Structure formats: C-alpha cells, structure tokens
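The values are calculated or read from the model by the stated rules, or taken from the named source; none is laboratory data. None of these values were measured; they are calculated from a predicted model. Note that we place each Cβ from the backbone using ideal geometry, even for glycine, and neighbour counts take in every protein chain shown. When the accessible area is computed, the model is the full protein with side chains, heavy atoms only, and any ligands, DNA or RNA have been set aside. Shrake-Rupley method; radii C 1.70, N 1.55, O 1.52, S 1.80 Å.
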Amino acid sequence: MAVEKTLQIYFTSDVHGFIYPTDYRGPGEQDIGLFKCANRFHKDGNTLVIDGGDLLQGSPLDAFQHDSVGSAEPLAEIMNACGYDYVTLGNHDFNFGMDYLDSYLHTLKAHCLCENVLDGAGHVRFPWRIHTLENGLRIGLVGIVTDHVNVWERPENLADHQIVAPMEAARRALQTMKGQVDLTVGIYHGGFERDLETDRVLSTSTENIACRICEELDFDILLTGHQHMSVSGQTYHETFIVQPTDAGREFVHITATVCEGKKHITGQTISAGGTCPPELLERFSAMECGAQEWLDTVVGHMDTPLQPESPLEMAVKGSGLADFFNQVQLAMTGAQISVASLANEVAGLPQVVRRRDVLTAYPYANTLAVLEVSGSCLRQALERSAEYFDLDAAGRPMVSDRFLRPKVEHYNYDYYAGIDYTFDLRRPVGQRVTQVLYEGREVQDEDRFTLCLNSYRASGAGGYPGYVNCPVLRSMSEEMSDLILAFFRDNPTVKVEKKGTMTLRY
C-alpha cells in the first residue's frame, strides 16, 4: 500500500529587523513583525521553518543593534527562539560587512544556505544540504542570493568573499543531489523578471531571475524574496513559487505531499496577527527597551514639521523631506547638484526630531558618492525620473506601471536640487525633459557638474545606468542617516532650503 508523506514549510523573507509588533514610528501595537508570524508556526519532525534573507538591516531596531550594540547575536538568538531550520542571505545582510554578518551566523542554529557565496579560497561557504524528515522524506535545499550584491555593495563589506552567478551555482547543486532526494527546494533572495499574470518581460537585468530559474532548473519549490510582493503560491513552469511581503507582515505556509513519486504542493499566505508569544516578548525585552530609549534621544529641531503626502502628490508638487535630504547632501559634500529619493512608505519629520524620526525617514544603509556628470548624463537621468508618470483618461498625472509592477518602486523616482527642470508628460517617454537650467543657463550636453547621490543610485540601480561610468570624485564612508544626525548637531534648528524647481506640464 502506497504511503503518502508530507512536508510543511513556514517561510518568511525580508523581515528587515521588524521583530516586535511595531514600525517604531509611534506607540501602539500593529499586526507586523516576526513574533506575530512565529506565533503561528506549528512545528514537528516533518516541518521546516525557513527564511529568505534581509534580516540584518532595514528597521530602527537593526540600526540600534549595529550602531549601539555592534553585534547581530541577539537577532540570531531571536531566530533560534522562533525555530528556524534554514536561512539564506539577502543583499542587505552584507550592508554592515562580513564581521557583523558572522556575528549573526556564528550564533544562529539554523543552517545558512547560499550556494553562490564563495570564500577566499573559492569554495562555496554555505553549501546545499539534504534534510531527512521523520517520515523519511528527503528534502534537498539550495540557497542563492541575487548577484546584484556585487553592484550595490561596497567591496570592503564583502571582504575576501565573492558573489557568483546564482543560476549556475544552483544548477551545479541540483545536479550533484540528483537521485538522492524526493523533493527539491530553492531559497532565492531574488524575485521575478516577468509579470506572473501576463508573462510580460519586466526586466532584462540579472537582479531578478526567478522565472528563468523555473524555466531552466527543476526545483519542485522555489521560495523567493527581495521584491516585497505577495505570491501565495502558484505553479510556473512546473515549479511551485511563493513570496511573502516584507517587515513580517505575512508568511507563507506550504504543504507538499509525495506518494509513489507523485507530488502535490499547495500554499497560502497568512497575515501576521494574534498575540505575540509572551515568553519571547519577555526574553528579548531588554533589547527592545534599549532600542526604544536610544531611539527617543532628541537630536535636533525643524522650524516646521515635514509632513508626507502620497507618493504621487509629492512627485507632482515636490517634497519638503526630499528637499531636506538634498540640503544635507549638498552641505556635506559641496556638490553643485544633489539627487535624493524617498522610501515607498514615507515618514516625515516632526518639529522636535528624535533619532527614531531620522531612521524611519531614511531607513537605508546608503553612503554618498560625488560623481562628475555631463549634461547629457544628467538629462538621461532626468528622463528616467520622468518615466514615473503616465496620464490617466482625464489627462491627469498617475504613477506609471513601470514603477508599480512587479514591485512597487517609488524609491526609484528622484528629486533634484541645484537645477530647474521641466517634464512635459504629453511627450513620449524618453523625450519628456524639455528644459534643464543650472544657475539660469540651459544645460548643454558637454557641460560638467559635480553631483551627489546615494551609493545605490550611483551603482546605476533603479534604471540609471548612465551613472556607472561617471568619474567618482569622492566616496563617503558615513551612512546617510549618520550624516543627517551630524547635520542636526551643526544646525540645532533646521530651516529647509529648496534649491531648484521642477515644472510638470500635462
């Protein structure tokens, strides 16, 4: 008689240090955070709890751990307490360097799998594994991370490690384990380069290659992340694919059964909620209380609060917060022109500014670079920002699908300081920049400027490849959030200066 064997998986990804049920913007409990997911993990010998990376950076709690404590060991202890069996690495897990990452991994009881991370000797540091369940089912697990880590990350943060192509690394692992397992599971910190509904190609870079992985490799299950979009479970080219959103807002529960070689896989997305396990809240309360006290430190004052609006409203009318970021960047670098962007979910700055306000307003671990750019390169970058808009049926601006699918990317729309420029949305994409003025003079293609921007954008990420070959005049080691704090120390009360204007015609 045939025996049916079952595997259960609980999968999180892109938690970004949101552990407690708070976004740290204010008081009150929210349905968010790892503890509100882990309270629903029901674990036995036929269950695996897996994380898809990006745990160590992204929340004020993460900033506290790095800036104040200097170790990620408590985050590993939290993962241990939540019962994780396997994790892979996300691109942001490298943001603070390998020593900090190792402080996490050395304490972590879960096995780290990341087939395309090589050590100084060229060996796979976090190789694939076979996990045998209590029911005898053999699970082959392979982890990989997007190779755009090489594009975004400062070389010194990778130390003597290499990030190689994830596709070939996963292919070799699958070939090696062939015939030894009953189910294969890929854990990929990367997303989908095609629209999962229409199959339309959305990106031709190698940042996200999950669709290609499904087409070329034979994983039974591919657990994905990085894009922060919710995919509760569907089959794509005979591979069952899932992805949860970020910040512990949800997790994916997968059930896979195997009987006489036949496999049946289902999945569902479960929103964070319910009551956090009291023993976990109590066990890590000292860390959380320390973070809250650290975050409540007053660092400066604004002459008037900077209130956020919707991403579209800010893009159309301008943003005081973006003006402030540009003001800091110009002051700290002395560049002629500055470029800043805002997070998908924008937090403003109150009149009395605490450290938590700075870290929620600027949540990224970005440093700054000053480039020498031509007038032609500047226009090319402006054209990319102009792509953010489409016109609706009534001829009014709306956010283009280019910045919404498959991943919401409001952060790839840029705000400029030091120039006056005009977008005409009635013109075709790529021909919308009708005027660019610097100090009242029309910018010419051959003109040269010093331009300050964050390290992510300087890498060409977000659709700005023109920056890649620009001479780098200066790279700053301090993170932008630290520069903002330093700016407040030098200017205890800040009045935002708007340098330049954007005109939108439609």
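Here are the numbers:
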| quantity | calculated |
| --- | --- |
| VAL15 vs. criteria assigned to a loop (DSSP other than H, G, I, E, B) and modelled with pLDDT under 95 | no |
| Of all residues making up the range 406-418, the number that are more than 14 Å from PRO311 (Cα to Cα) and not in a loop (DSSP other than H, G, I, E, B) | 2 |
| Residue, modelled with the lowest pLDDT, within the range 179-225, restricted to residues that are in a loop (DSSP other than H, G, I, E, B), farther than 22 Å from VAL149 by Cβ and of a type in the set (A, V, I, L, M, F, W, C) | LEU196 |
| Residue satisfying all of: in the range 470-490; assigned to a loop (DSSP other than H, G, I, E, B) and modelled with pLDDT under 95; nearest to ARG402 (Cα to Cα) among these | GLU479 |
| Pairs, first touching a residue at least 40 places away in the same chain (Cβ under 8 Å) in the range 17-44, second open to solvent by 40 Å² or more (accessible area, probe 1.4 Å) and in a loop (DSSP other than H, G, I, E, B), C-beta under 6 Å, six or more apart | PRO21/GLU29; PRO21/GLN30; ILE32/ARG249; ASN39/GLY274 |
| The range 436-469, residues that are part of a strand (DSSP E or B) and touching a residue at least 60 places away in the same chain (Cβ under 8 Å) | VAL436, TYR438, ARG448, PHE449, THR450, LEU451, CYS452, LEU453, ASN454 |
| Residues located in the range 388-413, provided they are more than 26 Å from HIS66 (Cβ to Cβ) and either open to solvent by less than 10 Å² (accessible area, probe 1.4 Å) or in contact with a Ser or Thr (Cβ under 6 Å, 6 or more places away or on another chain) (or both) | TYR388, PHE389, ASP390, SER400, PHE403, TYR413 |
| Residue selected from the range 330-340 under the condition touching a helix residue (DSSP H, G or I) at 6+ places or on another chain (Cβ under 7 Å) and open to solvent by 20 Å² or more (accessible area, probe 1.4 Å), by the criterion farthest from MET502 (Cα to Cα) | MET332 |
| Count of residues meeting criterion [open to solvent by less than 10 Å² (accessible area, probe 1.4 Å) and in a loop (DSSP other than H, G, I, E, B)] in the range 134-160 | 2 |
| Selection from the range 411-430 of residues that are in contact (Cβ under 8 Å) with a residue 24 or more places away in the chain, out of contact with any Leu (no Cβ under 7 Å at 6 or more places or on another chain), farther than 21 Å from GLN336 by Cα and not small (Gly, Ala, Ser) | ASN412, ASP424, ARG426, VAL429 |
| Selected residue [touching a Phe, Trp or Tyr at 6+ places or on another chain (Cβ under 8 Å) and crowded, with 16+ Cβ neighbours inside 10 Å] from GLY53, GLY33, GLY17 | GLY33 |
| Within the range 161-178, considering residues that are without any contact (Cβ under 8 Å) to a residue 60 or more places away in the chain and not in a helix (DSSP H, G or I), the one least open to solvent (accessible area, probe 1.4 Å) | ILE163 |
| Restricting the range 36-50 to residues that are open to solvent by less than 20 Å² (accessible area, probe 1.4 Å) and more than 19 Å from GLY273 (Cβ to Cβ), the residue that is nearest to the chain's Cα centre (by Cα) | ILE50 |
| Failed criterion for GLN327 (all others in (1) modelled with pLDDT of 95 or more; (2) open to solvent by less than 20 Å² (accessible area, probe 1.4 Å) hold) | (2) |
| Long-range neighbours under 6 Å by Cβ, at least six apart or interchain, first residue among the acidic types (Asp, Glu) within the range 75-91, second outside any loop (DSSP other than H, G, I, E, B) | ASP85/LEU48; ASP85/VAL49 |
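Table: residues versus (1) out of contact with any Cys (no Cβ under 6 Å at 6 or more places or on another chain); (2) surrounded by 12 or more Cβ atoms within 10 Å (Cβ to Cβ); (3) among the hydrophobic types (A, V, I, L, M, F, W, C).
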residue	(1), (2), (3)
THR269	yes, yes, no
CYS276	yes, yes, yes
GLU282	yes, no, no
GLY290	yes, yes, no
TRP294	yes, yes, yes
ALA315	yes, yes, yes
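Listed here are the residues, each with its yes/no results for (1) β-branched (Val, Ile, Thr); (2) within 26 Å of the chain's Cα centre (by Cα); (3) within 27 Å of GLU197 (Cα to Cα).
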{"residue": "ALA369", "(1), (2), (3)": "no, yes, no"}
{"residue": "GLU383", "(1), (2), (3)": "no, yes, no"}
{"residue": "LEU404", "(1), (2), (3)": "no, yes, yes"}
{"residue": "GLU409", "(1), (2), (3)": "no, yes, yes"}
{"residue": "ASN412", "(1), (2), (3)": "no, yes, yes"}
{"residue": "TYR416", "(1), (2), (3)": "no, yes, no"}
{"residue": "VAL429", "(1), (2), (3)": "yes, no, yes"}
{"residue": "THR434", "(1), (2), (3)": "yes, no, no"}
